[in-house]
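In what follows, a single structure is set out as C-alpha cells and then discussed.
The values are calculated or read from the model by the stated rules, or taken from the named source; none is laboratory data. Not measured: the values here are computed from a predicted model. Positions of Cβ are generated from backbone atoms using ideal geometry, with glycine treated the same way; all protein chains shown enter the neighbour counts. Side chains are part of the model used for accessible areas, which takes the heavy atoms of the whole protein and leaves out ligands, DNA and RNA. Shrake-Rupley method; radii C 1.70, N 1.55, O 1.52, S 1.80 Å.
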Amino acid sequence: MRGFSYLKKALHIRSSCSRLLVVSCISSGGLLVYAENVDNNEKAVERSRLDSKKRKKIVVLGTGWAGTSFLKDMDISSYDVEVVSPRNYFAFTPLLPSVTCGTVEARSVVEPVRNIIKKRNGEIQFWEAECLKIDPENHQVICRSTIENLVGENDFSLEYDHLVVAVGAQVNTFNTPGVVEHCHFLKEVEDAQKIRRTVIDCFEKAVLPGLSDEERRTNLHFVIVGGGPTGVEFAAELHDFVHEDLVKLYPSVKDLVKITVIQSGDHILNTFDERISCFAETKFQRDGIEVLTGCRVVRVSEHSVNMKVKSTGEYVVVPHGMVVWSTGVGTRPFVKDFMEEIGQGKRWILATDEWLQVKGCPDVYAIGDCTTVDQRKIMEDISTIFEAADTDRSGTLTIEEFQDVLEDIIIRYPQVELYLKSNHLFQVTELFKDSQGNEREEVDIEGFKLALSHVDSQMKSLPATAQVAAQQGSYLAGCFNRWEQCNANPEGPRLFGSAGRHAFRPFTYRHLGQFAPLGGSKAAAELPGDWVSMGRSTQWLWYSVYASKQVSWRTRILVVWDWTRRYIFGRDSSRI
C-alpha cells in the first residue's frame, strides 16, 4: 500500500510538471502567436477591403418570381447584393386560388427570403422595406421600413452600381368607381386569406334567423370580375369548396348559392387555345357557374355591381355578397414616378430593351410584371441590315448574302422566325419571291423592304405570368455571371450599324405551356407543340408540375400534404 502511495504521488508530480511545462511554453510564445494573428487578421481585412472596392453593388427591388429567380441563379462571389422588399417571403402565386378555399394553407406556399439567400454561396443582405423613389442620377434608391411602432428611423437610402427592379405590379382597377372600396383582389397571400374569411362570413350571415330568402341569396352571390386564368381558377375552387364542404355544414342555404363570372371579352380564358375556352365554358355551365361575356363593369357598390352589356348597351344591376376583381395589372406609383423622370411618362408600363435594361437609364434593369420588353422593329434597321449584308457593295442582295446574316437577324429580331413559322415558310428563299410567286436570285433595297414588310406584325407583348418573370430573372443573373467574359468575347448577334457584336444574346421567352384548373378534379393544359389536354389526367399533371416547381422541399412536402389532407378530411371551414 505504501509503495502504491509513493507511485501515485510520483505520477501526480509528473502530471503537474507537464501542465506547468505546457503553460510555460504557451506563455512564452503567446506574444509571438498573438502578433502573428494580428498581422494575419490585418492582412485579411485589408484584402477584404480591396476586394469590396472591386466588387460592384447590385440592389434588387422585390422578392417575387423575377427577383427570387435572379437571386437563386446569381453568382454572389463577384458582387455585393442587397435585396429590398416589403414582404420577407416568396409566394407561389399560382396556388393563391387554392389558398382562398383552404385547399392549400397559406404557409405551405410561402418560403422566407432569408431561407433562400442563406443557401447561396456568398452573403446577401435583405432589408424588409418598400421603395419610395429611384434616383437614377445619383444611383440611389430611397426606402422606408414597413415595420412601425418600433424605435429607430424608418427611412434610409441605398447606393447601387446596378439596380434590378422586380417589384411586380398592382391590380388594375381601370379607375372604375367603387372597386378599391368594395372589391377583393387576389395578388398577395394576404388577399387570399381575406377572401377565405369573407366566404365563411357570407355563409354565417346567410344562416342567421330573421333574413329573407332574397337577402340570403344576395349574401351568397359570389361575383368574379375577369375571366382570365386567376378568375376562372378561383371560381372553380370556390365551386368545389361550396359543393364538397360548405353545403354539408350549411344545408339550409345550399340551394341559394350562386357564382357568377363577368368577362368583358367574348370568351373566358381568351389567352388559351379556343378548345380550352369552349371546354371551360361548357364545364362551368354544367356546374351551374354563370358566365356573362361581353359585359363591362362600370360601378361597384357595397351590395351590387353595375355592368353594361356591350351587345345591347343595356345597364344591369347584379346584387352580390362578395366581389373578387381580377382584370389585369397596373404600374406601382413609385415606378410611374421613375418613368416620368426618365422620359417614359406617356407609357403605361416600364419599357426595357431586349437585354432587359431600362430604356434611357443605364445600369437599371427591370424584370417581371412591372415591365415590358420593347422589341425593336426590323423595319427601323432595314437599311443598315441591307448595307451589312451587301458585302460586295453591288446595291443588290443575293440569297447567299442574306443567309449569311440570317442567323444574327433571327437572334436580334425574333419576330422574323415567328413570321416564317406562322406563314409556313420553310425556306428563306420564299421571302424573295415576286408578286407572281417566282423566285428571284437577288433583290434591291426596295425589294428587301417589301420581303420583310410584314414581319413586324408578329410582335407581341409578353404576358404578365410567373413563367415569364422566372425566365427573365434567370436570364439576367446569367448575364451578370458572365459579364467580364462576354464583354471580352461577345456572344450576341452582330451590330448591323457598326462593327462587332452585342455582348449578350437578347432575352428570348420560351413558352413551356400553361394550366387552367377547372374544378371537379379536371384541368386543361396548353403545352408546347400545339398540344391541348383536358380532363382528370391533366389535373394529375397539374399536381406534379406545381409540386415540382416549389422553391424548397419544405413547401413541396407541405403542398402535397395539403392536397392529401383535403382528399381525406376535406377543406377547413374555420375563419382563421
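Would it be correct to say that K258 is open to solvent by 40 Å² or more (accessible area, probe 1.4 Å), charged (D, E, K, R) and touching a residue at least 24 places away in the same chain (Cβ under 8 Å)? For K258, the condition - open to solvent by 40 Å² or more (accessible area, probe 1.4 Å), charged (D, E, K, R) and touching a residue at least 24 places away in the same chain (Cβ under 8 Å) - is met.
For the stretch 166-179, residues that are farther than 22 Å from A91 by Cβ and either touching a residue at least 12 places away in the same chain (Cβ under 8 Å) or crowded, with 18+ Cβ neighbours inside 10 Å (or both) total 5. Counting only residues that are over 23 Å from T198 (Cβ atoms) and open to solvent by 40 Å² or more (accessible area, probe 1.4 Å), the stretch 299-315 holds 6 of them.
Residues checked against (1) farther than 15 Å from Y365 by Cβ; (2) of a type in the set (A, V, I, L, M); (3) part of a helix (DSSP H, G or I):
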position: A464; (1), (2), (3): yes, yes, no
position: G473; (1), (2), (3): no, no, yes
position: C479; (1), (2), (3): no, no, yes
position: F507; (1), (2), (3): no, no, no
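For A525, state whether it is within 30 Å of K72 (Cα to Cα) and surrounded by 14 or more Cβ atoms within 10 Å (Cβ to Cβ). Yes. Within the stretch 141-165, restricting attention to residues that are in contact with a Cys (Cβ under 7 Å, 6 or more places away or on another chain) and open to solvent by less than 30 Å² (accessible area, probe 1.4 Å), the residue that is farthest from P362 (Cα to Cα) is C143. Which ones in the stretch 277-290 are open to solvent by 40 Å² or more (accessible area, probe 1.4 Å) and not basic (K, R)? Correct list: C278, F279, E281, T282, Q285, D287, G288, E290.
For (1) open to solvent by 20 Å² or more (accessible area, probe 1.4 Å); (2) touching a residue at least 24 places away in the same chain (Cβ under 8 Å); (3) on the phi > 0 side of the Ramachandran plot; (4) in a loop (DSSP other than H, G, I, E, B), each residue gets a yes or a no:
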{"residue": "E491", "(1), (2), (3), (4)": "yes, no, no, yes"}
{"residue": "F496", "(1), (2), (3), (4)": "yes, yes, no, yes"}
{"residue": "A499", "(1), (2), (3), (4)": "yes, no, no, yes"}
{"residue": "F515", "(1), (2), (3), (4)": "yes, yes, no, no"}
{"residue": "S537", "(1), (2), (3), (4)": "yes, no, no, no"}
{"residue": "V559", "(1), (2), (3), (4)": "no, yes, no, no"}
{"residue": "R565", "(1), (2), (3), (4)": "yes, no, no, no"}
{"residue": "S574", "(1), (2), (3), (4)": "yes, yes, no, yes"}
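Residues in the stretch 312-365 that are among the hydroxyl-bearing types (S, T, Y) and either assigned to a helix (DSSP H, G or I) or closer than 30 Å to H267 by Cβ (or both): T312, Y315, S326, T327, T331. Just so you know, in the stretch 553-576 the residues that are modelled with pLDDT of 95 or more and polar (S, T, N, Q) include one that is nearest to L95 (Cα to Cα), and it is T555.
Go through the stretch 334-356 and give me each residue that's open to solvent by 50 Å² or more (accessible area, probe 1.4 Å), of a type outside the set (F, W, Y) and either at pLDDT below 95 or within 19 Å of N138 (Cβ to Cβ) (or both).
The answer is D337, E340, E341, G343, K346, R347.
Suppose the filter is of a type in the set (S, T, Y) and either free of Cβ contacts under 8 Å to residues at least 12 places away in the same chain or farther than 26 Å from D191 by Cβ (or both); does S277 pass it? Yes. Can you tell me which of (1) in contact (Cβ under 8 Å) with a residue 60 or more places away in the chain; (2) assigned to a strand (DSSP E or B) is the one A523 doesn't meet? Result: A523 passes all but (1). A Cβ distance below 8 Å, combined with a sequence gap of six or more or placement on separate chains, defines the contacts here; from the stretch 98-109, residues that are at positive phi reach no residue that is at pLDDT 95 or above and polar (S, T, N, Q). Looking across the stretch 381-413, the residues that are open to solvent by less than 40 Å² (accessible area, probe 1.4 Å) and in contact with an Asp or Glu (Cβ under 6 Å, 6 or more places away or on another chain) come down to A389, T396, L397, T398.
The rows are residues; the columns are (1) more than 25 Å from D530 (Cβ to Cβ); (2) in contact with a strand residue (DSSP E or B) (Cβ under 7 Å, 6 or more places away or on another chain); (3) touching a residue at least 40 places away in the same chain (Cβ under 8 Å).
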residue: I224; (1), (2), (3): yes, yes, yes
residue: T230; (1), (2), (3): no, no, yes
residue: V242; (1), (2), (3): yes, no, no
residue: N270; (1), (2), (3): no, no, yes
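Within the stretch 424-458, the residues that satisfy the criterion of being surrounded by fewer than 14 Cβ atoms within 10 Å (Cβ to Cβ), among the polar types (S, T, N, Q) and modelled with pLDDT of 80 or more are S453, S457.
The rows are residues; the columns are (1) under 19 Å from N270 (Cβ atoms); (2) of a type in the set (V, I, T).
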residue	(1), (2)
A516	yes, no
R536	no, no
V545	no, yes
Q550	no, no
